[in-house]
Amino acid sequence: MRTRPGARYEELYDAQEAGAVFLGEQGCGYASLLVMTGPHQGAVWEDLRPADGGIASTGHDFAHWYRSWLERTEAQLARL
């Protein structure tokens with residue numbers, strides 16, 4: 001059985017997110033991911049693959065990511 005040309009690429013691309021959940025869109029196709037399993041469990045990583053940047057650690061945990069998101073959102077609302 002032959003697979004279509006991009007099938008293996010898509011499989012490997014998707015495998016890079018295994019064990020992580022989507023937290024939010026950053027714009028331009030970038031996303032924040034929360035690692036749920038393995039040695040990096042609880043860490044937030046940035047998916048920068050749309051710009052060929054790969055997936056990189058932010059160096060922060062979920063609590064830091066959430067507080068930062070909350071502060072940015074509150075600041076935006078205060079300007080309305």
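The values are calculated or read from the model by the stated rules, or taken from the named source; none is laboratory data. Just so you know, these numbers come straight off a predicted model, no measurement behind them. Cβ atoms come from the backbone with ideal geometry, glycine included; neighbour counts cover every protein chain shown.
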Review point. Of these, Gly19, Gly42, Gly54, Gly29, which one is at positive phi and at pLDDT 90 or above?
Key: Gly42
Check your understanding: Restricting the first residue to the range 35-51 and requiring it to be closer than 20 Å to Trp69 by Cβ, which pairs with a second residue that is assigned to a helix (DSSP H, G or I) meet a Cβ separation below 7 Å and a spacing of at least six or different chains?
Key -> Gly42/Phe62; Val44/Phe62; Val44/Trp65
Review point. Given Arg4, Arg49, which one is of a type in the set (Lys, Arg) and at pLDDT below 85?
Key: Arg4
